[in-house]
1. Which number in (1) in contact (Cβ under 8 Å) with a residue 60 or more places away in the chain; (2) within 23 Å of V129 (Cα to Cα); (3) charged (D, E, K, R) marks the one condition that D23 misses?
2. I'm trying to understand the selection: among the residues of the stretch 82-123, which are under 17 Å from I65 (Cα atoms), surrounded by fewer than 18 Cβ atoms within 10 Å (Cβ to Cβ) and in contact with a strand residue (DSSP E or B) (Cβ under 6 Å, 6 or more places away or on another chain)?
3. Restricting the search to the stretch 2-42, which residues are assigned to a helix (DSSP H, G or I), of a type outside the set (A, V, I, L, M) and under 16 Å from N70 (Cβ atoms)?
4. How many residues are more than 16 Å from the chain's Cα centre (by Cα) and more than 17 Å from S24 (Cβ to Cβ) if we restrict to the stretch 66-94?
5. Would you check if there is a residue in the stretch 30-41 being farther than 19 Å from H13 by Cβ, surrounded by 13 or more Cβ atoms within 10 Å (Cβ to Cβ), charged (D, E, K, R) and free of Cβ contacts under 8 Å to residues at least 40 places away in the same chain?
6. Mind listing just one residue for me: the one in the stretch 53-77 that is assigned to a loop (DSSP other than H, G, I, E, B) and touching a residue at least 24 places away in the same chain (Cβ under 8 Å) and, of those, surrounded by the most Cβ atoms within 10 Å (Cβ to Cβ)?
7. Need the failing condition index for C80 against (1) without any contact (Cβ under 8 Å) to a residue 60 or more places away in the chain; (2) assigned to a helix (DSSP H, G or I); (3) of a type in the set (A, V, I, L, M, F, W, C), just the number.
8. Keeping to the stretch 7-25, report how many residues are modelled with pLDDT of 95 or more and among the charged types (D, E, K, R).
Amino acid sequence: MNPAAEYFRAKLHFEIDVMDVADSLPGGGMVLVDTRRRVSWEHGHIQGALHLPTAHIPEQAQGLIPAGTNVVVYSWGPGCNGSTFAALAFAELGYPVREMTGGIEYWARNGLPVETADGVSAGTADRLVTAHLPAAPELTPPAS
């Protein structure tokens, strides 16, 4: 097999799409972990996620998540590699771990519910990032 194919096969094994996570919640045989700082968590997080900032994973993960549990981590979004550091920390502890691509940003941009102290709400899905909306009406040229 060529190196590029090996790389992308491995990458897909360790990543999971936002919509795949949404489709498997609640439960889904995994623990969803928000790895951001407290203030970011309070701005909004995925309902049912466990808040465990990356810096605390080495000391706290084993007391919160049973060994062998499938873990999915997320952080802000594509412009942030916090969830990559978190995934590495979980992997070094021996957990089967995947990184949710797109983070909370693409969760919200897909119109999925976000929880805050005020409750749970979902925004309007962005047509550029989700295929789960009705198709936009096709434009027809005016009659000549």
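The values are calculated or read from the model by the stated rules, or taken from the named source; none is laboratory data. Since the structure is predicted, the reported quantities are computational estimates derived from the model, not experimental observations. No Cβ is skipped: glycine too gets one built from the backbone with ideal geometry, and neighbour counts run over all protein chains shown.
1. (1)
2. Passing the criteria: A91, P96.
3. Within the stretch 2-42, H13, F14, D20, D23, S24 qualify.
4. The number of residues fulfilling the criteria is 8.
5. We begin by selecting, within the stretch 30-41, every residue farther than 19 Å from H13 by Cβ; these are 34-41.
Right, trim to surrounded by 13 or more Cβ atoms within 10 Å (Cβ to Cβ) and you get 34-37, 40-41.
This time we only want the ones that are charged (D, E, K, R), so: 34, 36-37.
The next check asks that each one be free of Cβ contacts under 8 Å to residues at least 40 places away in the same chain; those that pass are 37.
Within the stretch 30-41 (the criterion being farther than 19 Å from H13 by Cβ, surrounded by 13 or more Cβ atoms within 10 Å (Cβ to Cβ), charged (D, E, K, R) and free of Cβ contacts under 8 Å to residues at least 40 places away in the same chain), the answer is yes, since at least one residue qualifies.
6. Ranking the qualifying residues of the stretch 53-77, first place goes to S75.
7. Tallying (1) without any contact (Cβ under 8 Å) to a residue 60 or more places away in the chain; (2) assigned to a helix (DSSP H, G or I); (3) of a type in the set (A, V, I, L, M, F, W, C), C80 fails exactly one: (2).
8. Qualifying residue count, the stretch 7-25: 1.
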